[in-house]
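What follows is a set of notes on a single structure, which appears directly below.
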Amino acid sequence: MNETTLGAQLASFAADAARDGVPDDVAASTRQRVLDVLGLCVAAHRLDTSAAIVGHVLDQGGHPQATIVGVPDRVTAAQAALANGVLAHSLDYDDTHLPSVLHPSASVVPAALAAAEHAGADGALTVRAIAVGLEVAVRLGMAGYDQELGNSVFFEHGQHATSITGAMGSAVAASLLYGADERGVLDALGLTASMASGIIEANRTGGTVKRLHCGLAAQAGVTAAQLVRRGFTGPPTVLEGRFGFFEAWLHGRFFPEAVTEGLGKTWAVPDIFFKPYPANHFTHTSVDAGLALRARGVRPEDVESITIGAPTAVIRTIGAPLETKRAPETGYQAQFSGPYAVVAGLLGGGGLGTSLDDYTDALAQDPVRRALMAKVDVVPDARCDAVYPHQFPAVVTLRTTTGEVLVEEVLTNRGGPQRPLSDDELARKFRDNVAGRVSDADADTVRREVESLETRPRVDDLLRPLTTLSTPTPTTEEESA
């Protein structure tokens, strides 16, 4: 194997980590992400698209190899990865790496858990494989981050780096769990590069296709790892080759040092941002600003106008077209609305500040919220541009009906290294996500299994309490929606 290619270096790193282990802080962060993803998978069962993907997978049949969260019947490993990846990403509540702006755990964790179940891998290898898969996904994402441009080249081309590099990270994780050596990992990267895909037009004009992206990525990774076991091979120059991954996706404008610099010594995993709020990450600092204004005593009837100062690059996602963002029709559209975010914070919400119950179709159409959103503008802000995309800042200015001007500057995201969520806050997020669907006893069992995952001989016990979900009691709001 040519050790000089980028893919070979990633494969060598992966094999070394699988054999020798990962740093303690990386392992701890990885366990947190497993718990986060499992909670998201449970919570996502409220969506019609979740029922659709589960129904689709069950229709395919096949050998019982792995578990879909919330489904008693086991399915093939690749199909379990598909379904759980869709569940994990569907609520826009999964973690984010900056400045690459990708969501690595929602593909890598489902792929790894499915492969681990199928292969009978132990918990220690599972944690290591997930950590390595996350690292590979992030590094490939960062190879497409242009510092001069101040944005991801993937994003500028309309590509969803989450599903593209997530597929590659999923392949590495799955390969390790199936027992691949360095050559096998490289071959899996070579196969998966022909499966990785995703475009993000739905962020701009609507549609639910984005919910499929992480599931397709996880499925691709597991499938590639399985095909390599049966003898398929990939090109050793899959990443940097003339017709390789970076040429195809980034048109040759990539930064190879992001792939290899500090590889095996410096880990990105602990610095991946957790989401405290179930919405597009660009909106989170506007939620924070709304919460802060509420804490200062601002009432809805006090508001004359609100201006969200945001990075120029994010306005096309959370502030344009402004008329649409001021009047989302669904809870899903509200998750991508800057005006809705600041109003949700101002009115107060559940969970860690706002919760899934704050993003319903009924609330998106609520007359009080609509009236407040109509008073919100979203404009470029130079201070925010200077920070983006290492953070997703907001400078929110509120003018009261009496002429008072109140300003909240939120320049760092909660859930990132500068403002980390504690273990207790992450545990609360998990409890909130499974509430009404999983008993307290089973939720505690899952948390204990995750905390001690590296000592477990298999991962089956981790997933077993989540195979059957209770039917939640509808709230008045859900019944009227």
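The values are calculated or read from the model by the stated rules, or taken from the named source; none is laboratory data. Note that the structure is predicted; figures quoted are calculated from it, not measured. FYI the Cβ positions are ideal-geometry reconstructions off the backbone, even for glycines, and counts take in every protein chain you see. Side chains are part of the model used for accessible areas, which takes the heavy atoms of the whole protein and leaves out ligands, DNA and RNA. Shrake-Rupley method; radii C 1.70, N 1.55, O 1.52, S 1.80 Å.
Of note:
- Scope segment 421-446; condition in a loop (DSSP other than H, G, I, E, B) and in contact (Cβ under 8 Å) with a residue 12 or more places away in the chain; matching residues: Leu421, Gly436, Arg437, Val438, Ser439
- Residue within segment 293-300 that is open to solvent by less than 30 Å² (accessible area, probe 1.4 Å), within 26 Å of Val396 (Cβ to Cβ) and modelled with pLDDT of 95 or more present: yes
- Of the listed requirements (1) modelled with pLDDT of 95 or more; (2) open to solvent by 40 Å² or more (accessible area, probe 1.4 Å); (3) under 24 Å from Leu98 (Cβ atoms), Val342 misses just one: (2).
- The single residue among Ala28, Ala11, Ala51 that is crowded, with 23+ Cβ neighbours inside 10 Å, among the aliphatic types (A, V, I, L, M), assigned to a helix (DSSP H, G or I) and modelled with pLDDT of 95 or more turns out to be Ala11.
- In segment 370-389, the residues that are over 15 Å from Leu347 (Cβ atoms) form Cβ pairs under 8 Å with partners that are open to solvent by less than 20 Å² (accessible area, probe 1.4 Å) and basic (Lys, Arg), at six or more places apart or across chains, as follows: Val378/Lys325.
- Every test in (1) at pLDDT 95 or above; (2) outside any helix (DSSP H, G or I) is passed by Arg253 save one, and that test is (1).
- Some residue of segment 124-134 being surrounded by fewer than 24 Cβ atoms within 10 Å (Cβ to Cβ) and within 24 Å of Leu87 (Cβ to Cβ): yes
- The single residue among Gly144, Gly158 that is in contact with a helix residue (DSSP H, G or I) (Cβ under 9 Å, 6 or more places away or on another chain), of a type in the set (Gly, Ala, Ser), open to solvent by less than 10 Å² (accessible area, probe 1.4 Å) and touching a residue at least 12 places away in the same chain (Cβ under 8 Å) turns out to be Gly144.
- If you go through segment 370-387 and keep only what is surrounded by fewer than 22 Cβ atoms within 10 Å (Cβ to Cβ) and either within 30 Å of Gln147 (Cα to Cα) or under 28 Å from the mean Cα position of the chain (by Cα) (or both), you end up with Asp377, Val379, Pro380, Ala382, Arg383, Asp385, Ala386, Val387.
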